[in-house]
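First up is the structure itself, then whatever we jot down about it.
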Amino acid sequence: MHTPQTDGRLLKGELRRRELIEATLRVVAREGVAGVSHRAVAREANQPATAAAYYFKSIDDLLTAALTACMDQDAERMRRLAEDTDGSPEGLTALAGLLADVVSGSDHLIAEYELYLLAARRPELRASTGRWLDAIAGYAHRYTADPVRVQVFKGVIDGLLLQGLLTDTPPTAAEFETVLRHVLL
């Protein structure tokens, strides 16, 4: 039996690409979207100055890749939580813990929301934000079939996360859980 061989160059290229996306998030967290340039991202990733331009032809391509990576990762986490809950209060406890963890690592969350808001101006970026919103709705459907409550829940999640960024003391898991229980139970 012949085992397919993986081209080491392809693996190295994919690794570099992921490093550049993570570097983009760090630059956005620190300097905002306006601080993103091919050189700034390559420097942040400790890669050659031309690396970002090689993998991402434009800044829009780089920002799109960063937003897509964030939204896909967040959507997958939310889908896993939804799969693990049966609509019980314990599922809300797990979600509240996740939200508290996310808000406590605010640099990454700031970068995500900077990119998320960019999608408001650029419709071509909305596919990945739509996957995030669909995942939130999927979680809510474990608790309710009421479309209004699902819509409220989607707004509450984004609102709680944004508000958590705007306070000196982010909400605790218990505070998040109180709100989640009120909305879904």
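The values are calculated or read from the model by the stated rules, or taken from the named source; none is laboratory data. A quick note: this is a predicted structure, and the numbers were derived from the prediction, not measured. In case anyone asks, the SASA skips ligands and DNA or RNA and just uses the protein heavy atoms, side chains included. Shrake-Rupley method; radii C 1.70, N 1.55, O 1.52, S 1.80 Å.
Across segment 94-177, the relative contact order, built from alpha-carbon pairs under 8 Å that are at least six residues apart, equals 50 percent. Report the full-extension gain for the segment ARG43 to ARG18: residue separation times 0.36 nm, less the Cα-Cα distance, to one decimal in nm. Between ARG43 and ARG18, full extension yields an extra 7.6 nm. Expressed as a whole percent, the accessible surface of segment 97-185 that belongs to carbon and sulfur atoms is 58, based on a 1.4 Å probe. The residues of segment 1-140 expose on average 54 square angstrom of accessible surface per residue, using a 1.4 Å probe on protein heavy atoms.
What do the square roots of 5 times the Cα gyration tensor eigenvalues come to for the chain, in whole Å, largest first, as semi-axes of the equivalent ellipsoid?
Sorted largest first and rounded, they come to 33, 20, 15 Å.
With bins 10 Å wide beginning at 0, the percent of Cα pairs of segment 1-103 falling in each bin runs 14, 33, 23, 21, 8, 0. Computed over protein heavy atoms with a 1.4 angstrom probe, the accessible surface ordering of HIS182, HIS108, largest first, is HIS182, HIS108.
With an 8 Å Cα cut-off and a minimum separation of 6 or more residues, compute the relative contact order for segment 1-77 in percent.
26 percent
When shorter helices are ignored and each DSSP H run of at least 4 residues is given -39500 (n - 2.57), the per-residue value for the chain at 222 nm works out to -25000 deg cm²/dmol. Normalised by the number of residues in the chain, the mean separation of alpha-carbon contacts (under 8 Å, six or more apart) gives a relative contact order of 24 percent. Taking all protein chains as shown and a probe of 1.4 angstrom, ILE110 keeps an accessible surface of around 60 Å².
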